[in-house]
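Peer 1: This is the structure I have questions about; it appears just below.
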Amino acid sequence: MKRQFLYLTKFLFSALICCFFAGSVWAQGTLSGTVSDAGGEGLIGATIAVKGHGTGTVTDLDGNYTLKVPEGDQLIVYSYVGYATYEMSITVEKGTTYTQDVVLSLDNLSLDEVVVTGTFTGRTQKESPMSITLINAARLQQLSSNSQADILRTIPGITAEGGGGEVASNVFVRGMPSGGQYQFTPLQVDGLPVLSTFGLNSSAHDVYFRNDIGVRNLEFVRGGSSTLFGAGSVAGIVNYTSVTGTAEQDNKVQMEWAEGGRVKMDFLSAGPLSENLFYAVSGFYRYDEGPLETGLTTRGYQLRGNLKKLFNNGNSSLTIYGQYIDDNVQFYLPYPLANDDGQRERPEGNDGETVYTMLTGQAKDFSFDTPFGRFKSPIGDGVITKGGYLMVDLKHSFGNDWRLSAKAKTASYDHWFNLFLDGDGTHNVPETQASYLTDRGLPSDATFTYADDGTTLAASDLLFQNRILDRQRPMEELVGEAYLTKSIGNQNISIGVFASNTKAEDNNWISSFVGDFRNAPRMVNVAYTDSLGNAVNYSTGGFISGSQTSNRYHESSKIALFVGDEIKGEKFNFDIGLRWERAAGIISRETGVGSNTFQKGEVSTSDVAVAVAGLYKLSKAANLYANVSRGYFFPELRSVSFSAPGRPQSYEPESVLQGEAGVKYAKGNFAATAALFYVGLDDRRSVDFINDPNNPGNVIEEVRVQSTRTVGVETTINYTLTKGLNLYGNFTYQDHEFTKVEGNKEQEGNELRRQPNVMGMAGLSYENSGFDANVSSNFMGKKFANDANTVELDGFNIVRVDAGYKFSLGKDGETLRLGVSVFNLLDADGVTEGSPRQGDAQTGSSEFFVGRPILPRRLFIRAAFDF
C-alpha cells in the first residue's frame, strides 16, 4: 500500500507541475475545415496535427475541425485509421483564420500511415526503407484473447507461442535462435523499453505490462535503423503507443465475459483539462478461473494514465506517463501428452476425462524449512506482478530547424514467477504404482491414498510426480533517451544518448509432490512400514520435499551514443546511422544457499552497430527498398560463469548481420509488400533451464555457444474486394541452420529449434452499416523441438472469429457495440513446443510425449460503450 501511495503521489505532483503552465499564451492563427472520405462522408475522430510541434486536434461528429496553429511556416498532417495520410504546407500569420477541407483516401495495408518507431522524425510506412507492421486499436481489441502471443503471431516473420497463458509468451523473430520470450525484440511502451536488459533472470518482459483499451496502436519495425534505438534492438522493436488526450472528449467502457469463468472490465477516458492541457486514463480489472480448469483462480488490475501539456508558443510538449499494476496469472508448462506413433494429443486421465493441465489447487499450501526460515509456497498466486513506472517525455522545436526529444523513466516491481514444472526431472511421465515404487526403492506393499479424503487409489490409476518452482524476482530500473535533430534541406541529422541501470534478484525454491494423473491432479499420500515396523510417510498431503536452490543478484548498466541521418529526396530516401554502446554488469551468486559464500564479479564490454538503408520511388504506386545492418547482442549476465573465485569468464558481444531488399506497392484497392532477407548471428550464448543430471529433481541453467544463418522471403497482401470487404494475409519462408555449435559439432547443419520454415496468415474482414466481422487463420509449419532435431512437431492452424454490431445510443454519437469472439475456433491442439527441461535428451517415440499444446477453444462476449 505504501508503494502504491508513493506512485500516486509522484503522479499527482507531476500533474500539478503541468497545470502550473496552463496559462501559456500562443502567437498563432486558426485553421478550420472538414475532413471527409471519397464519398463526402465526414470522418469522425480524424487527427489534425502540426508536424514538429505538440499541437493537434480531432474532428467532431460531422468531420469538422478547428485548430490553433503557431505563427510561421508549418506542415499540417491529416490522418485517420485506415486512410492515407495527407500533408499540407501553410504560412500562418498571427490572428489570421484559414479554411481547408481535406478528402482522405483509403489506405490499403496502412502504407501511408505515419509511424514513429525506428525513426527520428516520423514518416509513412511506404517511405520507410525497412519492414514495418502497424496494428490499430480496433484490431488490437479483436486480437486480445489470452496473451501477447495472440497479437504478435499475426505479424509477418514472428513465431509466437501463447500456450503458457497470459504472460511469458515465447516470441521468435525470423532467423534468431532463442528460448523464446523477448530476447531479440524489446517490448516498448511509448518509446522506451519495458525492461532495457534481458537476461538478469528469465522472466519475460510482458510480465510487467498488460494491454488495455488505452493503447492507440502497435508498431513493429524490424532490422534497418531499429538497431540504433532504445535498448539497441538487433531484430526489431515492438512498440505500443498509448492514447493521449485531445480537444475532443473520448470515453470507453468494455465489459467482457468468457468461458471458464472470466470477467474483465476495461475503461478509457481522455480529453482536455484546459485549452493546452490534456489527460488520458485507462485500465482494467480481471477475474479468471481459466482458460484451463486448475482450481487456481487469478485476478488483478492495471491503471495507466498520462498528462500532456502544450506550451512555449506551441513549440513544446511535456507528457507524463504512469502505470501501476497488481496482477497475478497462472503459467502453463508442457505436460505428458498421449503419443500414438507421433500423433500427440491431450490424454485421458484416471477419471476418464481429458487432461488439459497438471496445475492443481491442491498443491498450493505446501511449506518447508530453509536456511532462512520456514518458506510457504506462493504457487497459488502464480505469476505475481506489483509495481509500476513513471515516465516523462519532453519534445521541443527550437524554431531554427532544431528539435529535441527526451524521455526518462523509473520503474520498480515486486515480481514472483511461480510455476508447476513438467515432471520430476527423472521420469517426467505418468507411472504405474508398481513402477513408481520400484524406481524409488520403496517397498512393494506401500499404500497410495488420496490426501483429500483418505480413499485408496484404484490399482490401475497412474501417478505423476511433479515439482513446483517458486522464483522471487524484484526489479528496479532507471532508463533515459534523448536526441537532437537538425533539419538541413532534405536531411534530418540526429545525435543522441541512451542510458539505463537495471537491478534484479533471482531467488529460487523448488519442491516435489506426487498426485494422480488427471486434470488438476488430486494429491496422493504414499506410506509404508519399514523393516523395523515403523510407519513411514514418503509423501504427506502429497508433499515430498523442498529446498531453496539459488540466491542471485544481477545489475546491468548501459550507456550508448548514436547518430543518424535521414535523407529524403524526390526519388530517393536514404538512412545511415551509427551506435556505440558500453554494457557493464555486476554479478553476485551464493554458491550454496545459506553458506554465506558467494561468486562475485564484474564484467564489461562495448560494441558498435551500423545501419544503412535506401528507398527508390519507382512510381507513385511502387517503392523499392533495401537495408543492411551490423548489430550486436550483449550476453545475458545469467549466462556468465566463473573460471575462478572473483574471475568471471570472458564477456564478448554477439554479432548480428542482417540484410533485406524488397518492394512496397499500393494502388487502388490493392496493396502488397515482398522482401528477401538474410540474418547471420555469431557466437550466441544460448541459456536453457534443463533438468540437473547430477542432482535429480533440481533444474540448472545450461549455456551453449552457437552461430546461425537464415535466408528467407516475406510477403504481405491487402485487397479490398468491395466496399467494406477486405482480404488480407502474409507469408514467410525461412531456411535456417546452425553453422557452429560448441561442444556439439554433430548439430551443425541442424535447423533452429521451435522455428518453422513456413508460416503465414490469411483473413477476411467486413465492416458496413454498423456491422463488422473478421475471420483469420494463422498457420505455423513443422518445426523441431530441440537443437538435436530429434523431435519434429507437426504444423497447425489457429482460426479466430470476431463479429459485432454497433448501436447508436444518442444524438451525440454515443454507441454500444455488442460482439462475440472465438479463439481457436476449430479447437486445434497443435503442439507448440516439447520439454525445454529435457532438451536434446527428449525423444518422440515413447507412450507419452511432454509438450505444450495450443490453448483450447474459448468464447468471448463483449459489450463496448463509447461516449
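The values are calculated or read from the model by the stated rules, or taken from the named source; none is laboratory data. The structure presented is a predicted model; accordingly, all values stated were derived computationally and were not measured. Virtual Cβ from ideal backbone geometry, glycine too; neighbours counted across all protein chains shown. All accessible areas refer to the heavy atoms of the entire protein, side chains included, with ligands and DNA or RNA removed. Shrake-Rupley method; radii C 1.70, N 1.55, O 1.52, S 1.80 Å.
Peer 1: Please go through region 835-857 and pick out each residue that is within 17 Å of Glu431 (Cβ to Cβ) and either outside any loop (DSSP other than H, G, I, E, B) or at pLDDT 95 or above (or both).
Peer 2: Once the filter is applied, which keeps residues that are within 17 Å of Glu431 (Cβ to Cβ) and either outside any loop (DSSP other than H, G, I, E, B) or at pLDDT 95 or above (or both), region 835-857 yields Phe848, Phe849, Val850.
Peer 1: Which strands (runs of 3 or more DSSP E) does region 1-89 wholly contain that include 2 or more residues that are in contact with a Phe, Trp or Tyr (Cβ under 8 Å, 6 or more places away or on another chain) and at pLDDT 80 or above?
Peer 2: Because the criterion is at least 2 residues that are in contact with a Phe, Trp or Tyr (Cβ under 8 Å, 6 or more places away or on another chain) and at pLDDT 80 or above, the strands (runs of 3 or more DSSP E) in region 1-89 that meet it are 28-36, 47-50, 64-70, 72-79.
Peer 1: If you don't mind, there's one more thing I want to ask. Could you list, ordered by first residue, the pairs with Cβ atoms under 6 Å in which the first is in region 603-624 and crowded, with 16+ Cβ neighbours inside 10 Å and the second is in a strand (DSSP E or B) and of a type in the set (D, E, K, R), at least 6 apart or interchain?
Peer 2: As it stands, the answer is Ala609/Arg579; Ala613/Asp575; Asn623/Lys617; Asn623/Lys664, since those pairs meet every condition given.
Peer 1: Next question. Which is closer than 30 Å to Met255 by Cβ, in contact with a strand residue (DSSP E or B) (Cβ under 6 Å, 6 or more places away or on another chain) and surrounded by 24 or more Cβ atoms within 10 Å (Cβ to Cβ), of Gly157, Gly175, Gly164?
Peer 2: Gly164
Peer 1: Still on this structure, I have one more. Check every one of the strands (runs of 3 or more DSSP E) wholly within region 583-669 and list those with 2 or more residues that are closer than 23 Å to His554 by Cβ and β-branched (Val, Ile, Thr).
Peer 2: 598-617
Peer 1: Kindly provide the set of residues from region 237-249 that are in contact (Cβ under 8 Å) with a residue 60 or more places away in the chain and open to solvent by less than 50 Å² (accessible area, probe 1.4 Å), ordered by number.
Peer 2: Ile237, Val238, Asn239, Thr241, Ser242, Val243, Thr244, Gly245, Thr246
Peer 1: Could you check how many residues of region 80-103 are of a type in the set (Val, Ile, Thr), open to solvent by 70 Å² or more (accessible area, probe 1.4 Å) and either over 20 Å from Ile44 (Cα atoms) or out of contact with any helix residue (DSSP H, G or I) (no Cβ under 9 Å at 6 or more places or on another chain) (or both)?
Peer 2: Adding up the residues that qualify gives 4.
Peer 1: Okay, next question. Out of Gln148, Gln125, Gln141, report the one residue that is within 25 Å of the chain's Cα centre (by Cα), at pLDDT 85 or above and crowded, with 22+ Cβ neighbours inside 10 Å.
Peer 2: Among Gln148, Gln125, Gln141, only Gln148 is within 25 Å of the chain's Cα centre (by Cα), at pLDDT 85 or above and crowded, with 22+ Cβ neighbours inside 10 Å.
Peer 1: Here is a follow-up. Would region 488-509 turn up any residue that is open to solvent by 30 Å² or more (accessible area, probe 1.4 Å), in contact with an Asp or Glu (Cβ under 6 Å, 6 or more places away or on another chain), among the hydrophobic types (A, V, I, L, M, F, W, C) and assigned to a strand (DSSP E or B)?
Peer 2: Yes, the conditions are met somewhere in region 488-509.
Per-residue answers, yes or no, for (1) under 22 Å from the mean Cα position of the chain (by Cα); (2) surrounded by fewer than 19 Cβ atoms within 10 Å (Cβ to Cβ):
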site: Phe771; (1), (2): no, yes
site: Val775; (1), (2): no, yes
site: Phe784; (1), (2): no, no
site: Asp787; (1), (2): no, no
site: Val791; (1), (2): no, no
site: Pro836; (1), (2): yes, no
site: Gln842; (1), (2): no, no
site: Ser845; (1), (2): no, yes
site: Ala864; (1), (2): no, no
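Peer 1: Go through region 410-434 and report how many residues are within 16 Å of Ala363 (Cα to Cα), modelled with pLDDT under 95 and touching a Gly at 6+ places or on another chain (Cβ under 7 Å).
Peer 2: Going through region 410-434 one residue at a time, the tally reaches 1.
Peer 1: Residue under question is Asp735, and the condition is that it be in a strand (DSSP E or B), open to solvent by 50 Å² or more (accessible area, probe 1.4 Å), over 24 Å from Gly165 (Cβ atoms) and of a type in the set (D, E, K, R); does it hold? Show your work before the answer.
Peer 2: Working: in a strand (DSSP E or B): yes; open to solvent by 50 Å² or more (accessible area, probe 1.4 Å): yes; over 24 Å from Gly165 (Cβ atoms): yes; of a type in the set (D, E, K, R): yes.
Against the criterion (in a strand (DSSP E or B), open to solvent by 50 Å² or more (accessible area, probe 1.4 Å), over 24 Å from Gly165 (Cβ atoms) and of a type in the set (D, E, K, R)), Asp735 qualifies.
Peer 1: Return the only residue of Thr385, Thr360 being surrounded by 18 or more Cβ atoms within 10 Å (Cβ to Cβ), in contact with a Pro (Cβ under 6 Å, 6 or more places away or on another chain) and in contact (Cβ under 8 Å) with a residue 12 or more places away in the chain. Show your work before the answer.
Peer 2: Values: Thr385 fails: in contact with a Pro (Cβ under 6 Å, 6 or more places away or on another chain).
None of the other options fit; the residue is Thr360.
Peer 1: With the requirement that a residue be more than 20 Å from Gly352 (Cα to Cα) and either of a type in the set (S, T, N, Q) or open to solvent by 70 Å² or more (accessible area, probe 1.4 Å) (or both), what does region 435-452 give you?
Peer 2: Ser435, Thr438, Asp439, Ser444, Asp445, Thr447, listed by residue number.
Peer 1: Further question on the same structure: Would you confirm whether or not region 799-816 contains a residue that is loosely packed, with under 14 Cβ neighbours inside 10 Å and closer than 30 Å to Val687 by Cα?
Peer 2: For region 799-816, residues loosely packed, with under 14 Cβ neighbours inside 10 Å and closer than 30 Å to Val687 by Cα: absent.
Peer 1: How many residues are touching a residue at least 40 places away in the same chain (Cβ under 8 Å) and touching an Asp or Glu at 6+ places or on another chain (Cβ under 9 Å) when one looks only at region 630-654?
Peer 2: 11
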